[in-house]
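Values quoted throughout were computed directly from the atomic coordinates according to the rules given, and no laboratory measurement underlies them. Just so we're clear, the structure is a prediction, and the values are computed from it rather than from any experiment. Here the Cβ positions follow ideal geometry from the backbone for every residue, glycine too, while neighbour counts run over all protein chains shown.
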Amino acid sequence: MAGQDLGIDPNAKTPAYELEDGVDYEPADTNVVFGHQFASIAGAGPINGPIQAAVFSWVPVLLWILIGGVFFGAVQDFVSMYR
């Protein structure tokens, strides 16, 4: 149901397919898209945050990675791709 709330149409074509011209609009390989998404979530926050949290022990580091990186980061990336 969450996808419907975001207005996602699984049958809709992206501009890369609708306007494909071989120059500006070219469908990307799935691995390339995943790499871009992974690089955006693996920025400075998920790296500096655990380092700073390590001052307080390993539990805040684990929480930062699991809750912040996986849940909050994944939700933020998903919503930003579809909005």
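For Asp29 and Gln52, compute 0.36 nm times the residue count separating them, minus their Cα-Cα distance, and round to one decimal in nm. If you can, show how the numbers build up before the last one.
Working: separation 23, 0.36 × 23 = 8.28 nm, distance 3.58 nm.
Length gained, Asp29 through Gln52: 4.7 nm.
What is the spin-label model distance, in nm, from Phe71 to Asp21 if the labels are put 7 Å beyond Cα along the C-beta direction?
In this crude label model, Phe71 to Asp21 measures out at 4.5 nm.
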